[in-house]
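Participant: Have a look at this one.
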Amino acid sequence: MNSHGDDLQTWVTFLRRWRTEQSATTGGLPKLVEAALPADGWARFVAMLTGALDQRLKLWADGLLAAMAAAGDEFEWARALVQGRRGLASIRAVAGSPGLPEPLGRHLLGLVDAQIELVQRALEDGVEQLRRQGGDGPLVHARMRTVRENPLTASTAPGSGPVDEWATDPAGPARRRIIVAGPATPD
């Protein structure tokens, strides 16, 4: 087997593990060259790759919906959205992997980002529909604020990498902090 066949096999093995959410990192994946593979082999690989991306997006969406359904307040909703962005990092890393030929990687990353934008828009539309149906004004306002201040689309911003929810921009607007004081100790 030539090195291109070995490279393809490395990708196939990775995708089989990754599509079922087993721990798999994109680091070390070889660069694929479309012209080095038979046309039917390349077509099967692209179908496998898009199928794996689709499966992971579905698993991600199911996890996000479950976390939001279990959320009891706005803090938990925000946490679900932030964790949702973290889950998108792996999907975007595979779609835009430098091991894929440039046009394919760019196209797949665009498709994934379009799905992320659709989910964000659906969340905002759902809150807006709740408002139109006469939902509790302050609660609806708080939910919209939570959805917009913790957008899933932040994962699509240029240079976005793994999300560090503790990182802050010192020049950014102040964030609300909840500080719980421990029991007072006598001096």
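Participant: Would a scan of the stretch 120-143 turn up a residue that is touching an Asp or Glu at 6+ places or on another chain (Cβ under 8 Å) and over 26 Å from A93 (Cβ atoms)?
Facilitator: So the first thing to find is which residues in the stretch 120-143 are touching an Asp or Glu at 6+ places or on another chain (Cβ under 8 Å), and the list is 142-143.
Right, trim to over 26 Å from A93 (Cβ atoms) and you get 142-143.
The answer is yes, given that some residue of the stretch 120-143 is touching an Asp or Glu at 6+ places or on another chain (Cβ under 8 Å) and over 26 Å from A93 (Cβ atoms).
Participant: Which numbered condition trips up S90, out of (1) surrounded by fewer than 17 Cβ atoms within 10 Å (Cβ to Cβ); (2) under 30 Å from R148 (Cβ atoms); (3) touching a residue at least 24 places away in the same chain (Cβ under 8 Å); (4) out of contact with any helix residue (DSSP H, G or I) (no Cβ under 6 Å at 6 or more places or on another chain)?
Facilitator: Evaluating S90 over (1) surrounded by fewer than 17 Cβ atoms within 10 Å (Cβ to Cβ); (2) under 30 Å from R148 (Cβ atoms); (3) touching a residue at least 24 places away in the same chain (Cβ under 8 Å); (4) out of contact with any helix residue (DSSP H, G or I) (no Cβ under 6 Å at 6 or more places or on another chain) leaves (1) as the failure.
Participant: So is R143 farther than 30 Å from L49 by Cα, assigned to a helix (DSSP H, G or I) and not hydrophobic (A, V, I, L, M, F, W, C) or not? Can you show your working first?
Facilitator: On the way: farther than 30 Å from L49 by Cα: yes; assigned to a helix (DSSP H, G or I): yes; not hydrophobic (A, V, I, L, M, F, W, C): yes.
Yes; evaluated as a whole, the condition is true for this residue.
Participant: Still on this structure, please answer the following. Within the group L152, L139, which residue is under 19 Å from F75 (Cα atoms) and crowded, with 18+ Cβ neighbours inside 10 Å? Outline the logic, then answer.
Facilitator: Values: L139 fails: crowded, with 18+ Cβ neighbours inside 10 Å.
So the residue among L152, L139 that is under 19 Å from F75 (Cα atoms) and crowded, with 18+ Cβ neighbours inside 10 Å is L152.
Participant: Determine if the stretch 125-135 includes at least one residue that is of a type outside the set (V, I, T), at pLDDT 95 or above and loosely packed, with under 15 Cβ neighbours inside 10 Å. Outline the logic, then answer.
Facilitator: Going through the stretch 125-135, the residues of a type outside the set (V, I, T) turn out to be 125-126, 128-135.
This time we only want the ones that are at pLDDT 95 or above, so: 125.
Pick out the ones that are also loosely packed, with under 15 Cβ neighbours inside 10 Å and you get 125.
Taking every residue of the stretch 125-135 in turn, at least one turns out to be of a type outside the set (V, I, T), at pLDDT 95 or above and loosely packed, with under 15 Cβ neighbours inside 10 Å.
Participant: I've got another one for you. Considering only the stretch 102-117, I want to know if a residue exists there that is assigned to a loop (DSSP other than H, G, I, E, B), touching a Lys or Arg at 6+ places or on another chain (Cβ under 8 Å) and open to solvent by less than 40 Å² (accessible area, probe 1.4 Å).
Facilitator: Scanning the stretch 102-117 turns up no residue that is assigned to a loop (DSSP other than H, G, I, E, B), touching a Lys or Arg at 6+ places or on another chain (Cβ under 8 Å) and open to solvent by less than 40 Å² (accessible area, probe 1.4 Å).
Participant: Give the residue, chosen from Q55, Q83, Q9, that is of a type outside the set (A, V, I, L, M) and under 25 Å from R145 (Cβ atoms). Quick ask: steps written out before the conclusion?
Facilitator: Details: Q55 fails: under 25 Å from R145 (Cβ atoms); Q9 fails: under 25 Å from R145 (Cβ atoms).
That would be Q83, the only listed residue that is of a type outside the set (A, V, I, L, M) and under 25 Å from R145 (Cβ atoms).
Participant: Which residue pairs have Cβ atoms closer than 9 Å, lie 6 or more positions apart in sequence or on different chains, and pair a first residue in the stretch 116-139 that is under 16 Å from D62 (Cα atoms) with a second residue that is among the hydroxyl-bearing types (S, T, Y)?
Facilitator: If the second residue must be among the hydroxyl-bearing types (S, T, Y), the pairs left are I116/T153; I116/S155; I116/T156; V119/T153; Q120/T153.
Participant: Something else now. L49: surrounded by fewer than 17 Cβ atoms within 10 Å (Cβ to Cβ), touching a residue at least 24 places away in the same chain (Cβ under 8 Å) and either touching a Gly at 6+ places or on another chain (Cβ under 8 Å) or not polar (S, T, N, Q) (or both), yes or no? Quick ask: steps written out before the conclusion?
Facilitator: Details: surrounded by fewer than 17 Cβ atoms within 10 Å (Cβ to Cβ): no; touching a residue at least 24 places away in the same chain (Cβ under 8 Å): yes; either touching a Gly at 6+ places or on another chain (Cβ under 8 Å) or not polar (S, T, N, Q) (or both): yes.
Considered against the rule, which asks whether it is surrounded by fewer than 17 Cβ atoms within 10 Å (Cβ to Cβ), touching a residue at least 24 places away in the same chain (Cβ under 8 Å) and either touching a Gly at 6+ places or on another chain (Cβ under 8 Å) or not polar (S, T, N, Q) (or both), L49 comes out as no.
The values are calculated or read from the model by the stated rules, or taken from the named source; none is laboratory data. From a predicted model like this one, the values you see are computed outputs, not experimental measurements. A quick note on method: Cβ atoms are made from the backbone with ideal geometry, for glycine too, and the neighbour counts reach across all protein chains shown. Protein only, heavy atoms only, side chains kept; ligands, DNA and RNA dropped before computing areas. Shrake-Rupley method; radii C 1.70, N 1.55, O 1.52, S 1.80 Å.
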